[in-house]
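Down below is the structure, laid out as structure tokens.
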């Protein structure tokens, strides 16, 4: 609920009242128009009653009954009818406004749900692409970026994912083993293999491990013992 509340607050802040007015025009009920119509009808009825009251008052006066109070009674009755009609119209307007607000809240909840589902789907698609990239074992950033952009990822996001993928790949045992094999096959000494491993993206600790193993294998291949091979 808190997430929905935050979403609605942000949505209203960004969209302002124009969004509510747009929704109201499409799906809501015009409470103001209904109120104005009922008020106009009440005012017309009251004006008609007052006109009739004036005619009656003149007749009563002609008959010498102007002080009977009957004229005032008719006037008060007409006014009371008008006020009752207006009170009822205001109540209807409040109910309609509340109904519109509930409808708009339901609309916002629907928008929030759609955006959350879209965000979840986007994250899943992104994760699937990232897993696919990892499976390719690409360590060249441009190649990794190309792989992602060809699948619809924008370049900025593709570079972020490529960097993360390469970082993970270069820290994996399979990559370290690959570099060890390359260095030993080339007959590299310890420091040559160490520099090679650093250049290929290994951290210092992994580079030391890879260089030690590669140099040992190179020495064995040359029929040297580990303590006698040239580190340089």
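Some notes on this structure:
- Condition check for residue 85: under 30 Å from residue 21 (Cβ atoms), part of a helix (DSSP H, G or I), at pLDDT 85 or above and over 43 Å from the mean Cα position of the chain (by Cα): yes
- Residue pairs whose Cβ atoms lie under 7 Å apart, separated by 6 or more positions or on different chains, with the first residue in segment 180-195 and assigned by TED's automatic domain parsing to the domain that holds residue 217 and the second surrounded by fewer than 21 Cβ atoms within 10 Å (Cβ to Cβ) and at pLDDT 90 or above, are 180/213; 183/196; 188/196; 190/212; 194/208.
- Condition met for residue 222 (surrounded by fewer than 19 Cβ atoms within 10 Å (Cβ to Cβ), out of contact with any helix residue (DSSP H, G or I) (no Cβ under 7 Å at 6 or more places or on another chain), more than 23 Å from residue 133 (Cβ to Cβ) and in contact (Cβ under 8 Å) with a residue 24 or more places away in the chain): yes
- Criterion (surrounded by 12 or more Cβ atoms within 10 Å (Cβ to Cβ) and free of Cβ contacts under 8 Å to residues at least 12 places away in the same chain) met by exactly one of 156, 170, 113: 113
- Criterion: under 16 Å from the mean Cα position of the chain (by Cα) and modelled with pLDDT of 85 or more - qualifying residue of 126, 116: 116
- Residue 101 being more than 30 Å from residue 48 (Cβ to Cβ) and free of Cβ contacts under 8 Å to residues at least 12 places away in the same chain: yes
The values are calculated or read from the model by the stated rules, or taken from the named source; none is laboratory data. The structure presented is a predicted model; accordingly, all values stated were derived computationally and were not measured. Ideal geometry is used to build each Cβ from the backbone, glycine not excepted, and the neighbour counts take in all protein chains shown.
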